[in-house]
Amino acid sequence: MFYIAASILILGLLARVAVWVKRRREIQPRRGDSQGAFGVVLDLVLFRGKFFDDRVSWIFSILFHYGLMCIVLRHLRYAIEPEWVGPLWRLVIIAQPVGLYGGLLLIAGVAGFWARRLLAPSVRATSTLGDHAMLALLLAIPVVGYFNAWVHTDLIAVKQFFLGLVSSKWQPLPADPLLLLHLWLAAALMMALPFSKLLHLGGVFEPLPEGGASRSNLRRIARWGVAALVGVTLLVPAATGALQVAADGWTQTQPDFAKLARAHKAADPTVMIRNHPNFLMNYRAVVVYHGVRQEGDNIEKCVTCHVVKGADGQPVGFENPKHFCRDCHNKAAVSIDCFECHNSNPTAAPKTTSIDPRQRLAVNTADVAEGSAAR
Amino acid sequence: MTDSNDESLVSSRRGFLVGVAGFATLTLAPGVMLYARAETAGAAKAAKVRWGMLVDASQCEPGCNDCVTACNTEFGLVSHGRPTTDPQWIRKVTVTDPGSGRSQTFPVMCQHCADPPCVDVCPTNASFRREDGIVLINRHICVGCRYCEMACPYKARNFVHENITDQKVYAPRGKGTSEACTMCVHRVDAGGIPACVEACSKGRVAMLFGDLNDPNSAIAKRIAAYNTTQIRSDLRTDPGVRYQGL
């Protein structure tokens with residue numbers, strides 16, 4: 001799926017740039033509204049042309065593009081391993097909150113563009129179904145993304161999936177409906193992008209618009225094609241999802257935390273990987289406000305069983321990158337401040353010592369990974 | 001005929017509603033679950049107790065520091081060599097009557113008020129009073145603004161100025177938050193008594209811990225029989241820590 005999407009994106013981009021370059025050779029001289037290098041920078045960074053052309057559109061444009069930049073920076077954590085970049089990984093960690101709130105700008109920008117398209121009569125008159133479809137797609141991707149961030153998924157598995165795609169060592173993807181929807185829509189966008197007007201990225205190659213009936217006809221056909229493509233990509237998962245829900249009900253509910261605390265050693269590791277933040281937050285409220293203290297309710301108990309020994313055979317604390325919690329949190333660039341107050345070292349001799357749940361997961365899913373559908 | 005029709009309509013509508021509810025459960029799950037569990041736990045603890053202490057100042061020895069030492073040991077409060085900012089959850093106070101020259105010494109800690117000023121001023125609701133009367137700080141949401149320290153008439157609250165390592169399991173502490181006597185809530189929840197009270201019972205018994213609302217408890221009987229006072233009772237904070245022989 002992603003291979004197809006990526007190849008359509010890259011080939012489409014190349015084809016379109018090639019067309020532009022060819023046309024530009026035919027139409028001389030080159031566009032002259034940018035004055036020197038500084039003018040180009042003003043155009044590219046502040047969208048100067050748009051500012052003087054259409055002020056409303058410029059505002060949404062700034063919101064959208066800078067929001068997009070923030071959110072793309074946040075997604076860097078899925079593409080880079082901390083070991084590759086060394087101290088620069090700090091920047092990826094800093095990009096997390098930037099992206100989390102910057103993404104709201106993106107949503108505001110898209111919503112603004114859509115409102116303009118619906119409310120401004122002149123824009124509305126020239127809108128095609130394809131325009132609306134692209135906006136729907138652009139809005140749906142971040143909104144679903146925020147839902148993902150809210151309900152949590154297994155970030156490390158997602159990261160392994162994508163790094164596995166690049167290195168063609170395929171890894172399974174967590175089967176969370178919201179995550180799959182987010183990725184599906186993103187793939188749809190990648191496929192639709194080369195055929196849409198969203199592709200002004202390579203605009204420096206674009207010749208001056210020369211108008212002409214044949215070209216606008218071509219454009220109209222392309223837009224309708226985009227609408228159809230987006231429609232199909234939106235409808236297919238929606239229909240299959242609806243059918244699935246109708247068939248077996250919505251099975252994905254929160255586990256019973258008390259049961260999970262006692263029995264998570266035997267349970268499916270993915271349940272705890274996915275739910276441990278909720279689990280800890282839940283217990284912290286129960287303990288702090290209501291004094292319900294049971295064995296194993298504290299985070300110190302977690303690090304007591306999930307102990308990692310250093311080179312000297314002693315348990316390592318949070319300052320060590322190998323610490324059980326820190327290892328994953330660092331890879332996923334998720335901040336964790338529990339250990340500013342809580343002890344990150346084992347506080348007692350553990351009755352049982354846990355192995356890394358991902359190792360256990362690898363054993364469990366090794367045979368499933370071969371034939372996983374989600375690629 | 002009509003009946004069966006109605007039924008199928010109802011059941012299909014119910015199916016739809018169940019579907020919608022299922023989706024809501026998924027998306028709302030983190031917050032909702034948190035509430036649900038907390039509510040049940042609260043109901044279990046709803047019995048009306050109010051934990052309190054009675055300090056008999058006439059029995060408190062001037063040179064003795066056992067309660068303070070016990071508290072420091074219990075919570076791992078260590079000096080960083082900077083006395084003005086070192087943590088101090090309980091302290092010995094010496095008062096002298098300028099007229100008679102009579103001097104008295106007694107411990108002062110968080111008074112666990114029924115109407116605590118620290119809770120009133122807290123901007124994040126981190127400072128709170130439990131159902132059983134113990135005043136605590138939820139340091140997960142404390143932002144370290146220190147309003148509570150200024151509001152407290154008993155100077156009971158401290159600010160954590162230093163990086164802290166090797167905290168006790170039952171007493172997580174961290175730099176940048178406010179802290180105070182917890183009335184050893186971890187011991188009380190397990191059915192025990194506070195560390196200072198335990199330490200004091202080794203020599204002369206100057207401190208007593210118990211349920212103020214239970215008329216049969218030792219502390220309630222003492223308060224009913226003798227003249228006890230609350231520090232700065234004029235402020236009407238109704239402290240849970242009372243003093244005898246002041």
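The values are calculated or read from the model by the stated rules, or taken from the named source; none is laboratory data. Just so it is clear, the structure is predicted and the values come from calculations on it, not from any experiment. Every residue, glycine among them, receives a Cβ derived from its backbone with ideal geometry; neighbour counts consider all protein chains shown.
Here's the yes/no breakdown for (1) away from chain B (no Cβ under 14 Å); (2) surrounded by 16 or more Cβ atoms within 10 Å (Cβ to Cβ); (3) more than 21 Å from A:S7 (Cα to Cα); (4) modelled with pLDDT of 85 or more:
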{"site": "A:L139", "(1), (2), (3), (4)": "yes, yes, yes, yes"}
{"site": "A:H182", "(1), (2), (3), (4)": "no, yes, no, yes"}
{"site": "A:L189", "(1), (2), (3), (4)": "yes, yes, no, no"}
{"site": "A:A192", "(1), (2), (3), (4)": "yes, yes, no, no"}
{"site": "A:F195", "(1), (2), (3), (4)": "yes, yes, no, no"}
{"site": "A:R219", "(1), (2), (3), (4)": "yes, no, yes, no"}
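Does B:N216 satisfy the condition of being farther than 19 Å from B:A114 by Cα and away from chain A (no Cβ under 14 Å)?
Criteria met by B:N216.
Go through segment B:193-246 and give me each residue that's of a type in the set (F, W, Y) and touching a residue at least 24 places away in the same chain (Cβ under 8 Å).
Answer for segment B:193-246, where residues must be of a type in the set (F, W, Y) and touching a residue at least 24 places away in the same chain (Cβ under 8 Å): B:F209, B:Y243.
Yes or no: A:D327 away from chain B (no Cβ under 14 Å) and either outside any loop (DSSP other than H, G, I, E, B) or under 31 Å from the mean Cα position of the chain (by Cα) (or both)? Even if it seems obvious, please write down each step before you answer.
Details: away from chain B (no Cβ under 14 Å): yes; either outside any loop (DSSP other than H, G, I, E, B) or under 31 Å from the mean Cα position of the chain (by Cα) (or both): yes.
Spelling it out, A:D327 is indeed away from chain B (no Cβ under 14 Å) and either outside any loop (DSSP other than H, G, I, E, B) or under 31 Å from the mean Cα position of the chain (by Cα) (or both).
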Query - Of all residues in segment A:121-135 being of a type in the set (A, V, I, L, M) and free of Cβ contacts under 8 Å to residues at least 12 places away in the same chain, the one that is nearest to A:P82 (Cα to Cα) - result: A:V123
**Report entry** Every residue from segment B:165-182 that is over 23 Å from A:N320 (Cα atoms), in a loop (DSSP other than H, G, I, E, B) and either outside the structural domain of B:R129 (by TED's automatic domain parsing) or among the polar types (S, T, N, Q) (or both)
**Finding:** B:T177, B:T182
Report summary line: Taking segment A:286-305 and keeping residues surrounded by fewer than 18 Cβ atoms within 10 Å (Cβ to Cβ) and either within 8 Å of chain B (Cβ to nearest Cβ) or under 36 Å from the mean Cα position of the chain (by Cα) (or both) leaves A:Y289, A:R293, A:G296, A:C305
Query raised in the report: Of everything in segment B:168-185 that's buried (at least 19 other Cβ atoms within 10 Å of the Cβ) and either at the interface with another protein chain (Cβ under 9 Å from one of its Cβ atoms) or of a type in the set (D, E, K, R) (or both), which residue is nearest to A:H290 (Cα to Cα)?
Result: B:V185
Report task. Can you run down the residue pairs with Cβ atoms below 7 Å, 6 or more apart or on separate chains, where the first is in segment A:104-120 and among the charged types (D, E, K, R) and the partner is exposed (fewer than 15 other Cβ atoms within 10 Å of the Cβ) and part of a helix (DSSP H, G or I)? Result -> A:R116/A:V56; A:R117/A:R124
Report summary line: Requiring at least 1 residues that are in contact (Cβ under 8 Å) with a residue 12 or more places away in the chain and of a type in the set (V, I, T), the strands (runs of 3 or more DSSP E) wholly within segment B:50-137 are B:51-56, B:90-96, B:103-109, B:135-137
Query raised in the report: Across segment B:138-152, what is the number of residues that are closer than 10 Å to B:C118 by Cβ and not in a helix (DSSP H, G or I)?
Result: 1
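Within segment A:1-116, which helices (runs of 4 or more DSSP H) (wholly inside it) include 2 or more residues that are at pLDDT below 75 and within 29 Å of A:A187 (Cα to Cα)?
A:2-26, A:36-46
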